[in-house]
Each structure stands twice: as C-alpha cells, then as structure tokens.
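Engineer: My questions will all concern the structure given below.
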Amino acid sequence: MRFNRFIATGVATACTALVATISATTPAAANTAYGCGYPQVCFYKTQADWNARTWTAAYKDVTSYYQTLGSNSAGSFAVYNSRNDDGVSLKFSDGHTTCIHPNEYATGLPSMDGYVTGIKIMDSPYC
C-alpha cells in the first residue's frame, strides 16, 4: 500500500513538471496593442476611436504600390503598425509620404500637410 502511494506521488509530480515545461515553452498569443491584432496596420478615424482603441479599418497585404484608402481609413486621426518586420509608408493628399516603422504609431495625422489617402506596406522595416 505504501509503495503504491509512493508510485502515485512520483507520477503526479512528473506530470506536474511536464505540464509546467510545456506551458513555459508555448508561444505567447499575438500582440493586440491599441486594439490592433498582428499583423495588421490599423486606422482610427477619430481621436475618440484612438482613445477607445477601436480601429475603423485595417490593412495587411504587402504591396509594391499605394493602396487607396476607403472611407473608414482616409483622413484618419491615427495609424498603428502592429507588424514586427514591415514598415508602412503613408501617402498624404498633398503628395508627401511618411514612414511608420514596425510596432509604432502616428497620431494627429490630418494637418497642414493634408490628410492620409494611401498606404503601402513594405517587406522591410524601412520605407
């Protein structure tokens, strides 16, 4: 009887150690900073959307050209790039561009330079 308890205790300890090891090596869940899931570039139409962490449009395709933004993203107040390795070039209504590096954001976008009208996701952290 005492031997059976010893075996049962040993098995339980080994199982607990195995579960702890598996848990420690399981990859973490994808990042959702600012309400934006990986690997998206999220647009927040207004400052209230940004403050609430509620995006109004998201893009994720790498392209060699600027995608024209739709009504839920054109003229947005903020943009967050949740991608880990890809930069994002934003095109403005006055023709100038700006770069948002991986895991960075830009706020207060409508300005003297116009408003954001296009996006190009690069296959590089640099624009």
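Engineer: Select from the range 104-127 the residues that are hydroxyl-bearing (S, T, Y) and touching a residue at least 40 places away in the same chain (Cβ under 8 Å) and write down the one among them that is least open to solvent (accessible area, probe 1.4 Å). Talk me through it step by step, then tell me what you get.
Structural biologist: First pass over the range 104-127, keeping only residues hydroxyl-bearing (S, T, Y): 105, 107, 111, 115, 117, 124, 126.
After this cut, where a residue has to be touching a residue at least 40 places away in the same chain (Cβ under 8 Å) as well, the list is 105, 107, 115, 117.
Values: Y105: 114, T107: 64, Y115: 113, T117: 43 Å².
For the range 104-127, the residue satisfying everything is T117.
Engineer: Do you know which residues across the range 107-127 are in a strand (DSSP E or B) and more than 14 Å from A74 (Cα to Cα)?
Structural biologist: Our first condition is that a residue be in a strand (DSSP E or B); within the range 107-127, this holds for 107, 111, 114, 116-121.
Listed by number, the list holds a single entry, I121.
Engineer: With the requirement that a residue be assigned to a loop (DSSP other than H, G, I, E, B), touching a residue at least 24 places away in the same chain (Cβ under 8 Å), open to solvent by 10 Å² or more (accessible area, probe 1.4 Å) and within 21 Å of K45 (Cβ to Cβ), what does the range 68-103 give you? First the steps, then the outcome.
Structural biologist: The first filter runs over the range 68-103 and keeps only residues assigned to a loop (DSSP other than H, G, I, E, B), leaving 69-77, 82-87, 93-96, 101-103.
Next, only the ones that are touching a residue at least 24 places away in the same chain (Cβ under 8 Å) stay: 69, 72-77, 82-87, 93, 101, 103.
Keeping just the survivors that are open to solvent by 10 Å² or more (accessible area, probe 1.4 Å) gives 69, 72, 74-75, 77, 83-86, 93, 101, 103.
Once the filter is applied, which keeps residues that are assigned to a loop (DSSP other than H, G, I, E, B), touching a residue at least 24 places away in the same chain (Cβ under 8 Å), open to solvent by 10 Å² or more (accessible area, probe 1.4 Å) and within 21 Å of K45 (Cβ to Cβ), the range 68-103 yields L69, N72, A74, G75, F77, R83, S93.
Engineer: Name the single residue that is most open to solvent (accessible area, probe 1.4 Å) among those in the range 31-64 being among the aromatic types (F, W, Y) and in a helix (DSSP H, G or I).
Structural biologist: Of all residues in the range 31-64, those among the aromatic types (F, W, Y) come to 34, 38, 43-44, 50, 55, 59.
Checking which are in a helix (DSSP H, G or I) leaves us with 34, 50.
Values: Y34: 63, W50: 23 Å².
Applying the filter and picking the extreme gives Y34.
The values are calculated or read from the model by the stated rules, or taken from the named source; none is laboratory data. Remember, predicted model here, so these are calculated numbers, not experimental data. Note that we place each Cβ from the backbone using ideal geometry, even for glycine, and neighbour counts take in every protein chain shown. The accessibility values were calculated without ligands, DNA or RNA, using every heavy atom of the protein model including side chains. Shrake-Rupley method; radii C 1.70, N 1.55, O 1.52, S 1.80 Å.
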